[in-house]
Amino acid sequence: SAVISQKPSRDICQRGTSLTIQCQVDSQVTMMFWYRQQPGQSLTLIATANQGSEATYESGFVIDKFPISRPNLTFSTLTVSNMSPEDSSIYLCSVAGPDETQYFGPGTRLLVL
Amino acid sequence: KQEVTQIPAALSVPEGENLVLNCSFTDSAIYNLQWFRQDPGKGLTSLLLIQSSQREQTSGRLNASLDKSSGRSTLYIAASQPGDSATYLCAVKPFRGSTLGRLYFGRGTQLTVWP
């Protein structure tokens, strides 16, 4: 299994500001995934972060809005830039274990005022 | 594009009942299907993983089945308990060749088990 931690666990931010979310995994993984869960909605993949290369973004998500860093095989950050109330969501980091099970962090709950 | 639907959206039952949560998906070319539990204010906890070649998986009081050809999976919870109250999410991983690790999620079934 994989143990994933995220910081911060929650935050309240003003519109127009940016927030960086950290994700730490207890083992080395090739790919890390960032998901968003808007209120009452399902989880949606934002991007896939590979160590040593640019992140791959899903349709509807762009690097300027959600820049991602992946400095090593156990750590990644997601920044939510120039926030608006529509960015209020839960942001989750995820990795795939060697048994193909997908593991998720506890999430970062973001409220933008 | 893969679409995942979960029925019902919400379910409220008395303790002790056996219940079935349903998940359907539109594209049968899946690599695996996973059931998760999400407690309020918490992340996702993996419950069961079914590979595309398998028909079912069991863990304790939970049993998940997969009928890939019809695009359906069910999660059976036996002898429900108040501690089972949570949102249950179904997710499918497309067959290898697409974005590795990408999951498509349903909106979940919010389960309440009252004593």
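Using per-residue counts of other Cβ atoms within 10 Å, averaged over each peptide, order A:21-27, B:89-95, B:10-16 from highest down.
B:89-95, A:21-27, B:10-16
Given Cβ point charges of +1 (Lys, Arg) and -1 (Asp, Glu) and nothing else, what value in debye, to the nearest 20, does the dipole of the protein assembly as shown about its Cα centre take?
The dipole magnitude comes to about 180 debye.
Just tell me how shielded B:36-42 is by partners: mean number of partner chain Cβ atoms within 10 Å of each residue's Cβ, no decimals.
What the average comes to for B:36-42 is 3.
Restricting things to Cα coordinates, could you compute the convex hull volume per residue of the protein assembly as shown in Å³?
Hull volume over Cα atoms, normalised by residue count, gives 119 Å³.
Find, to one decimal place in angstroms, the Kirkwood hydrodynamic radius of chain A, where the mean of 1/r is taken over every pair of different Cα atoms and then inverted.
One decimal place: 14.0 Å for the Kirkwood radius.
State whether segment A:3-47 is rounded, prolate or oblate according to the following rule on the C-alpha gyration tensor (a ≥ b ≥ c being the square roots of its eigenvalues): a/c under 1.5 gives rounded; otherwise a/b larger than b/c gives prolate, and the remaining case gives oblate.
It comes out oblate by the Cα gyration axes.
Simple spin-label model, 7 Å along Cα-to-Cβ: B:A9 to A:T17 in nm?
3.4 nm
Rounded, prolate or oblate: which fits chain B when a ≥ b ≥ c are the square roots of the eigenvalues of the alpha-carbon gyration tensor, with rounded for a/c under 1.5 and prolate only if a/b beats b/c? Please list the in-between numbers first.
Numbers: a/c = 2.05, a/b = 1.73, b/c = 1.18.
Because a/c hits 1.5 or more and a/b exceeds b/c, chain B counts as prolate.
Quick one: order A:F66, B:F25, A:F61 by neighbouring beta-carbon count within 10 Å, fewest to most.
A:F61, A:F66, B:F25
Name the cysteines of chain A that stand alone by the Cβ rule: no other cysteine Cβ under 4.7 angstrom.
Unpaired cysteines in chain A: A:C13.
How high is the FRET efficiency from A:E86 to A:S53, r the C-beta distance, R0 25 Å, rounded to 0.05?
0.30
Every number here is computed from the coordinates shown, using simple stated rules; none is lab data. What you see is a predicted model; the values in this text were computed from it and never measured. When we count neighbours, we look across all protein chains shown, and the Cβ atoms used for this are built from the backbone with ideal geometry, even at glycine.
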